[in-house]
Amino acid sequence: MTVNVGVIGVGMIGQDHIRRLTQVLSGARVSALTDVDMDRAKSVGQGLPGEVRVHETGQDLINDDGVDAVVVASWGPTHEEYVLAAIAAGKQVFCEKPLATTREACERIVDAEVAAGRRLVMVGFMRRYDDGYRAMKDVVTSGDIGAPLMFHSAHRNPSVPPHYVSDMIINDTCVHDLDIARFLLDTEVTAAQVLKPRKNSRASDHLTDPLLILFETASGALIDVEASINIQYGYDIRGEIVGEAGTVELAESTRVVVKSDGRYGGRIPEDWRERFIRAYDLEFQEWLDAVAAGRSTGPSSWDGYAATVACDAALEALNGGQRVPVSMRDKPDLYSSPATGAGPTGTD
Ligand code: NAP
């Protein structure tokens, strides 16, 4: 079966996902597009194979009979409206992170899915599809290192664009570290604190960089996330779990080590697209296969909700300086068992 996909938002990642759907993966066709910038949507549509309808609104696209499933890649505050509309239309929806920008909006999505009686939403937490993190998860699950006690994570960006503000370090950048920590440790965040080291002199005046974010969890394990967004040397993602009897850490992402002239070294990725390119491909192929088979898969609305409430607490801690407890509603049964066909990603 070929899945007819409608894409809402054809900015940077929307266009990258369209390239993936049309040139890299199998089983999909992009049949419809929309963007607040209609000229951009039309110009992206013109470069695609077959008939591509360009709609004036996301609602029109979702209601298009020629759209089997929806990708939401527009600006975060618009996600709730489109995800709710897709659930109401009974169509599966891949929503880029964040699921929604407020706790209340995420709860409305969870409530709508529960009322629909089935999972229709997958959230774009692509790190769960990264080979390195999957291997870490396998080690934790095997019991070889004993119960996890700590997860050290580092998210280092060479630089950030001018529109980037300090809150984005938490809810745009480190939300990925938080989600992968929940995935690896299989626990929920219960409190957040944020420490501010001496400022990087290369950071713009309006940025608080770097940050050290501490999350407490229900299992008692601690998560620390170093966020450095002007580190210059490359895009470097690090992670290590310390267990009761051993440790497991991400290896360097370079494929080869070059030894020459008395030194050894390897390539550091330029940005997230390069570092996680295979993970994005795997997450989308799994979503397409699930849509074609009428199954749900991947990180759920519950995962999106959990990430948003934990980030909210960290933002409050960043701006107020104190330790902020995290409160979560009870998890609906819909999210208590792994998504059907979710493979190693479906740890709701
Ligand atoms: P972007 O380049 O600004 O693209 C967003 C696009 O959506 C723009 O074309 C924007 O138009 C359009 N848009 C805004 N409001 C809309 C609406 N109401 N209806 C339809 N289109 C609308 O941003 P991006 O970097 O691609 O990010 C998009 C989403 O993906 C964000 O939620 C972001 O957090 C997420 N993301 C995820 C990852 C990941 O690693 N998983 C990486 C990057 C981005 P204008 O430009 O005219 O506003």
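Computed from the coordinates by the stated procedures, all read-outs in this text should not be read as laboratory data. This structure is a prediction, so every number in the text was calculated from the model and none was measured. Virtual Cβ from ideal backbone geometry, glycine too; neighbours counted across all protein chains shown.
By its C-alpha gyration tensor, with a ≥ b ≥ c as the square roots of the eigenvalues, how is segment 236-348 shaped: rounded for a/c under 1.5, else prolate for a/b larger than b/c, else oblate? Please report the intermediate quantities before stating the final value.
Working: a/c = 2.20, a/b = 1.30, b/c = 1.69.
In terms of gyration-tensor shape, oblate.
Which peptide among 159-171, 203-215 comes first, and what is the full order, when sorted by highest mean count of other Cβ atoms within 10 Å? Walk me through the numbers before you get to the answer.
Numbers: 159-171: 15.5, 203-215: 18.1.
By packing density, highest mean first, the sequence is 203-215, 159-171.
Using alpha carbons only, how many angstrom separate the centre of segment 293-323 from the centre of segment 203-250?
16 Å
Can you give me the relative contact order of the chain as a percent, contacts being Cα pairs under 8 Å and 6 or more apart?
Working: 711 pairs, mean separation 65.6, N = 348.
Relative contact order, the chain: 19 percent.
If I build a Gaussian network model for the chain, linking alpha-carbon pairs within less than 10 angstrom, which residue out of Arg118, Arg29, Arg202 has the largest mean-square fluctuation?
Arg202
Hey, in the GNM for the chain with a 10 angstrom Cα cutoff, which one of Ala32, Ala116, Ala100 fluctuates hardest?
Of Ala32, Ala116, Ala100, the most mobile in the Gaussian network model is Ala116.
Treat every Asp and Glu Cβ in the chain as -1 and every Lys and Arg Cβ as +1, leave all other atoms uncharged, and give the resulting dipole magnitude about the Cα centre to the nearest 20 debye.
Result for the chain is approximately 680 debye, rounded to the nearest 20.
Where does each of 274-283, 44-53, 253-262 land if you order them by average Cβ count within 10 Å, highest first? Can you show the working numbers first?
Details: 274-283: 18.1, 44-53: 14.4, 253-262: 9.2.
Top to bottom by mean Cβ count within 10 Å: 274-283, 44-53, 253-262.
Which residue fluctuates most in the GNM of the chain (Cα springs below 10 Å): Ala191, Ala293, Ala227?
Ala293
Rounded, prolate or oblate: which fits segment 1-83, taking a ≥ b ≥ c as square roots of the Cα gyration tensor eigenvalues, rounded meaning a/c under 1.5, else prolate when a/b beats b/c?
rounded
Tell me whether segment 228-273 comes out rounded, prolate or oblate; compute the Cα gyration tensor, take square roots of the eigenvalues as a ≥ b ≥ c, and use a/c under 1.5 as the rounded threshold.
Numbers: a/c = 2.45, a/b = 1.30, b/c = 1.88.
Taking the square roots of the gyration eigenvalues as a ≥ b ≥ c, segment 228-273 is oblate.
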